[in-house]
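Chemist: My questions all concern the structure below.
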Amino acid sequence: MKTKIQVLQILIGFLLIFLMAGCASETPVLTTTIPTFAPTLPPAPTSTPTATKTATVAPTATPTPTLPPTATPTITPIPLNEDAALYYPLKENATWWFQIILNERIVGFSGFSVLGQDNLNGREVYIIENIESGRFKSRDYQEVSSDWLLLHRYTMEPIQGEASDVVFQPPIPILQFPIEVGVNWEDENGFTYEIVGIEDVSVPAGDFKDCYRVDRSFQGTPDIRSWYCDGIGRALFEQLSSQGWMRLELISYKNARVILEEAKGNGEQCSYRFSGAGFAESEPVTFQVIHQNGSILFDTETLGLPMDSGDVFSFDVGPEVPLGYLVVKLDGLENSAVYILYWNAECLAY
């Protein structure tokens, strides 16, 4: 049984413990020009996809996930100890995006959002959703106690394959409080953790001073390095893979989020429906879709279409749009949010 747990933990280690949160600032902004991916993409679209403003409707759940049912998250605040509030701050709808770099190439993007809080077997936990468009959607159930950041449960819904649901008993200790250099601990599966030092971090989202570096090792071999920064949480994360060290750099983090409500259609045409969360009620917003090659596919401000945070936003994309990543942006007077969607001529659910 222990061996089985070890294998599971190694396989999903990349997804389990680089979850951080924090939206104390709105300064970092995702750049509109995203580096080109290999292989070379087709030329920019010659026609503009359409977008429409849909009448305000009550939020609806995305119809595709088949994960085991879970209780609806609540929003009752969970008190955080001082170090957790500084280096692992959590706020409902907080959203942050990372670029994934392997062998000096950007190979994808990964987004995380705090959905809310829930009671899991008598323990108050935060529910953090991770989306890698075109690959999977997962959720972490994390508890922040006075002494530990603990992972209790992990669920995943891949684009292809079977859903998984793993409950960790005892929970995995990701971080120990207070955060002090030299502190180390070990979990029951033989992974060791150590707060090895204080370092500065430079990522696309900004330069962060005096971040705590935490290394995880297995049988003496380091496999994960994480940097926790004051007021932002985890800004940088590296994991050893079969192809070398994979690096995840924070590119944007916000106090609000964009939700993909629905995707329907076929390879010829796909209609996406988005909504926003974490915005002020009826906050005026602009809705923009930008291709990774920098071309603007749609902009409500340019077209003079008034929208607010209570609207559902529809966007149609077809074969005239090159394959690649689309950056969906909602910009309001007080808040803003992004969602990075992978377009591969299929109507992907996320």
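Chemist: For the stretch 220-253, enumerate the residues that are among the polar types (S, T, N, Q), within 17 Å of the chain's Cα centre (by Cα) and at pLDDT below 95.
Modeler: Residues satisfying the conditions are GLN239, SER252.
Chemist: I would also like to ask the following. Does any residue of the stretch 223-234 turn out to be open to solvent by less than 20 Å² (accessible area, probe 1.4 Å) and β-branched (Val, Ile, Thr)?
Modeler: The answer is yes; a qualifying residue exists.
Chemist: Give the number of residues within the stretch 63-107 that are modelled with pLDDT of 60 or more and farther than 18 Å from ARG234 by Cα.
Modeler: Total meeting the criteria: 6.
Chemist: Now for a separate question. Only one of these is within 22 Å of LEU115 (Cα to Cα), open to solvent by 30 Å² or more (accessible area, probe 1.4 Å), out of contact with any helix residue (DSSP H, G or I) (no Cβ under 9 Å at 6 or more places or on another chain) and acidic (Asp, Glu): GLU283, GLU262, GLU268. Name it.
Modeler: Selected residue: GLU262, the only one of GLU283, GLU262, GLU268 that is within 22 Å of LEU115 (Cα to Cα), open to solvent by 30 Å² or more (accessible area, probe 1.4 Å), out of contact with any helix residue (DSSP H, G or I) (no Cβ under 9 Å at 6 or more places or on another chain) and acidic (Asp, Glu).
Chemist: Another question, if that's okay. Tell me whether the stretch 207-216 contains one or more residues that are of a type in the set (Asp, Glu), in contact with a Leu (Cβ under 7 Å, 6 or more places away or on another chain) and buried (at least 17 other Cβ atoms within 10 Å of the Cβ).
Modeler: For the stretch 207-216, residues of a type in the set (Asp, Glu), in contact with a Leu (Cβ under 7 Å, 6 or more places away or on another chain) and buried (at least 17 other Cβ atoms within 10 Å of the Cβ): absent.
Chemist: Output the number of the condition that SER271 fails; it satisfies all remaining conditions of (1) hydroxyl-bearing (Ser, Thr, Tyr); (2) free of Cβ contacts under 8 Å to residues at least 24 places away in the same chain; (3) farther than 24 Å from PRO89 by Cα.
Modeler: (2)
Chemist: Still on this structure, please answer the following. Suppose the filter is of a type outside the set (Phe, Trp, Tyr) and not in a strand (DSSP E or B); does SER282 pass it?
Modeler: Yes.
Chemist: If only one of TYR350, TYR339 is within 27 Å of GLU104 (Cβ to Cβ) and open to solvent by less than 20 Å² (accessible area, probe 1.4 Å), which one is it?
Modeler: Every option except TYR339 fails the conditions.
Chemist: Is the stretch 145-164 home to any residue that is acidic (Asp, Glu), part of a strand (DSSP E or B) and in contact with a Ser or Thr (Cβ under 6 Å, 6 or more places away or on another chain)?
Modeler: There is no residue in the stretch 145-164 that is acidic (Asp, Glu), part of a strand (DSSP E or B) and in contact with a Ser or Thr (Cβ under 6 Å, 6 or more places away or on another chain).
Chemist: I'm trying to understand the selection: among the residues of the stretch 310-335, which are in contact with a Pro (Cβ under 8 Å, 6 or more places away or on another chain) and either at pLDDT below 90 or of a type outside the set (Gly, Ala, Ser) (or both)?
Modeler: Within the stretch 310-335, PHE315, ASP316, VAL317, GLU320, VAL321, PRO322, LEU323, LEU333 meet the criteria.
Chemist: While we're here: So the check is Cβ under 8 Å with 6+ separation or different chains; which pairs have a first residue in the stretch 283-295 that's touching a residue at least 60 places away in the same chain (Cβ under 8 Å) and a second one that's assigned to a loop (DSSP other than H, G, I, E, B) and among the charged types (D, E, K, R)?
Modeler: So the pair list comes out empty.
Chemist: Same structure, new question: Can you name the residue in the stretch 309-336 that is in a loop (DSSP other than H, G, I, E, B) and among the charged types (D, E, K, R) and, of all such residues, is most open to solvent (accessible area, probe 1.4 Å)?
Modeler: Applying the filter and picking the extreme gives GLU334.
Chemist: Something else about it: Could you grab me the full set of residues in the stretch 165-186 that are surrounded by 13 or more Cβ atoms within 10 Å (Cβ to Cβ) and in a strand (DSSP E or B)?
Modeler: If the condition is that a residue be surrounded by 13 or more Cβ atoms within 10 Å (Cβ to Cβ) and in a strand (DSSP E or B), then ASP165, VAL166, PHE168, PRO171, ILE172, PRO173, ILE174, LEU175, GLN176, ASN184, TRP185 are the ones that fit.
Chemist: How about the stretch 286-307: which of its residues are part of a strand (DSSP E or B) and either open to solvent by 10 Å² or more (accessible area, probe 1.4 Å) or modelled with pLDDT under 90 (or both)?
Modeler: Of everything in the stretch 286-307, those that are part of a strand (DSSP E or B) and either open to solvent by 10 Å² or more (accessible area, probe 1.4 Å) or modelled with pLDDT under 90 (or both) turn out to be THR286, GLN288, ILE296, PHE298, ASP299, MET307.
For every residue, the table says whether it meets (1) more than 26 Å from SER110 (Cα to Cα); (2) free of Cβ contacts under 8 Å to residues at least 60 places away in the same chain.
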| residue | (1), (2) |
| --- | --- |
| PRO158 | no, yes |
| VAL166 | no, no |
| PHE177 | yes, no |
| ASN184 | yes, yes |
| GLY190 | yes, no |
| ILE198 | no, yes |
| PRO204 | no, no |
| ASP207 | no, yes |
| TYR212 | no, no |
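Chemist: Also, quick follow-up: Among residues belonging to the stretch 134-162 that are open to solvent by 10 Å² or more (accessible area, probe 1.4 Å) and of a type in the set (Ser, Thr, Tyr), point out the one that is nearest to GLU82 (Cα to Cα).
Modeler: Result: SER146.
The values are calculated or read from the model by the stated rules, or taken from the named source; none is laboratory data. Quick caveat: nothing in here was measured; it's all calculated off a predicted structure. Note that we place each Cβ from the backbone using ideal geometry, even for glycine, and neighbour counts take in every protein chain shown. Only protein heavy atoms, including side chains, enter the accessible area calculation; ligands, DNA and RNA are left aside. Shrake-Rupley method; radii C 1.70, N 1.55, O 1.52, S 1.80 Å.
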